[in-house]
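The values are calculated or read from the model by the stated rules, or taken from the named source; none is laboratory data. This is a predicted model, so every value here is computed, not measured. Because the Cβ atoms are built from the backbone with ideal geometry, glycine has one as well, and the counts that use them run over all protein chains shown. Only protein heavy atoms, including side chains, enter the accessible area calculation; ligands, DNA and RNA are left aside. Shrake-Rupley method; radii C 1.70, N 1.55, O 1.52, S 1.80 Å.
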Amino acid sequence: MSQASKVLIIQTAFLGDAVLITSLLEKIRLESPSTLVHLLVRKGLEDIFKAYTHDHLVQVWTYDKRNKLASWWSLRNDFAKEKFDQVFVAQRFFGMGLLSISIGAKKVVGFVKNPLSLFFDEKVPHEFGQGKHETERNTELLASWLGPQVHKPFLNASHLNNFPVDLQPKKYLCISPGSVWETKRFPVHQWIEFIRLLPLDQEIVLMGSTAEKHLSDEIEEAFMGSGRYIHNTCGRFNLQEAIAVYQQSLMSFVNDSGPLHICSAVNTPTVAIFCSTIPAFGFGPLAEQNKIIEVKEKLACRPCGDHGKKSCPEIHFNCANSMDVQEMLQAYQAFLASGSK
């Protein structure tokens, strides 16, 4: 197919999925620079793309999942007027599949796992669990148009001038203890044990949403009166500010969750901790300097699901409790020794 002039990319899943879709924005920017891109994401995530600094992304649309029918219908009407050359639907669910085929685009490309893939002009396999990264899976949507080369996700918040005045760039370490799924969360007592191993003068910033503040509060309380200064910022930053804080961190320790992918996009040295899920699902770190930490023992119960669970089905939570925080300290020391500031 000739170079498309106007395309729509649909990805209305969670924070990490939206960040990773910037790899497709980068592919189009570098390989088809005259193409104009529209992007549809979940409402509330649109501010991510204020940290995407290239003007071929001409509009970010939002889908309100709290008011699905009205939002879907409004988008359908608006998109029909746009007359897209191609639509790439990264969602594997009925609603976005129906939207993609309802707006009169010249070509619709999506994954074969979408219930409406029969009506797509091009159906792409979706290989999950064998180690293929999500950015590779998404790139296959564009492969017949632009080829197979995979690009890294990209964000840059430095131009937003919203970096917190009480933090010193490249001096602090980010720790993100939260996740939507409890079995993806490295336990608080393990975070506390790890922090105790760090030099007393190592500045620490606890990151997360307001809903995760109980985790950071427990960590902060463990060090009251210890002489260790911890910035407990859960709930303090909006998305743009959070991206800036991760971008300017010395390095970041994260669960298998959205902050991991932000760190990949801003290329911050990343230590990614996988509890109930596994890197083979395709959501590992992509920063130039990264390390994955997971339980050494092969557990029959791991992984216990594709996305994590609200609690450990086996009660013991050995996929997290059996990890050695000394390995995290070694990763910290190795990053410092490499001069990764």
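Annotation for the range 1-109: trypsin sites (Lys or Arg not before Pro) lying in DSSP loop with at most 14 further Cβ atoms inside 10 Å of their Cβ are K43, K83, K106. Kirkwood analysis of the range 1-155, using all unique Cα-Cα pairs, places the hydrodynamic radius at 15.4 Å. Principal semi-axes of the equivalent ellipsoid, √(5λ) from the alpha carbon gyration tensor of the range 141-226, are 33, 19, 13 Å from largest down. Among residues other than A4 with Cβ under 14 Å from its Cβ, the summed charge is +1 (Lys and Arg +1, Asp and Glu -1). Compactness of the range 105-165 is given as radius of gyration and Dmax, 16.4, 53 Å, from Cα positions.
Altogether, the Stokes-Einstein calculation at 37 °C and 0.692 mPa s, with the Kirkwood radius of the range 40-119 over Cα pairs as Rh, returns a diffusion coefficient of 245 µm²/s. The convex hull around the C-alpha trace of the chain, projected and averaged over every direction, spans 17.4 square nanometres.
Using the heavy atoms of the protein chains and a 1.4 angstrom probe, tell me the accessible area per residue for the range 1-40 in square angstrom.
So the range 1-40 comes to 29 Å² accessible per residue, rounded to a whole number.
The trypsin sites (Lys or Arg not before Pro) found in the range 227-317 that occupy coil by DSSP, while having at most 13 further C-beta atoms within 10 Å, are K296, K298, K310.
The Rg/Rh ratio for the range 210-259, using Cα coordinates for both the radius of gyration and the Kirkwood hydrodynamic radius, is 0.97.
Dipole check for the range 36-90: with +1 at the C-beta of Lys and Arg, -1 at the C-beta of Asp and Glu, and the Cα centre as origin, the magnitude is about 320 Debye.
Charging the Cβ of each Asp and Glu at -1 and of each Lys and Arg at +1, and nothing else, the dipole of the range 1-124 about its Cα centre rounds to 360 debye. Converting phi to 3J(HN,Hα) with the Karplus coefficients 6.51, -1.76 and 1.60 and the offset θ = phi - 60°, the range 172-180 yields 10, 10, 8, 10, 10, x, x, 5, 4 Hz in sequence order, with x at every glycine or proline. The HN-Hα couplings worked out from phi for the range 101-118 by the Karplus form 6.51 cos²θ - 1.76 cosθ + 1.60 (θ = phi - 60°) are 8, 9, 10, x, 5, 5, 8, 10, 10, x, 7, 5, 6, 5, x, 9, 4, 4 Hz, whole numbers, x standing for Gly and Pro. Counting only Cα atoms, the range 235-341 measures 39, 32, 24 Å along its principal axes, largest extent leading. Here the dipole of the range 114-170 is about 180 debye; that uses its Cα centre as origin and unit charges on the Cβ of Lys and Arg (positive) and Asp and Glu (negative). When the chain is treated as a Gaussian network with alpha carbon springs shorter than 10 Å, the biggest mean-square fluctuation among V109, V205, V58 belongs to V58. Residues with amide H under 5 Å of W61's amide H, sequence separation 5 or more or different chain, H placed in the peptide plane at 1.01 Å from N; which? Sorted by chain and number, the residues that satisfy this are L39, L40, V41.
Among the chymotrypsin sites (Phe, Trp or Tyr not before Pro) in the range 1-87, those located in a DSSP loop and surrounded by at most 16 other Cβ atoms within 10 Å of their own Cβ are F14. In order along the range 11-20, the Karplus-derived 3J(HN,Hα) couplings, from 6.51 cos²θ - 1.76 cosθ + 1.60 at θ = phi - 60°, round to 8, 10, 7, 7, 3, x, 5, 5, 5, 5 Hz, and Gly and Pro are given as x. Computed over the chain with a Gaussian network model linking Cα atoms closer than 10 Å, the most mobile of G227, G305, G95 is G227. Surface composition of the range 184-257: carbon plus sulfur atoms contribute 49% of the solvent-accessible area (1.4 Å probe, protein chains only, all chains present).
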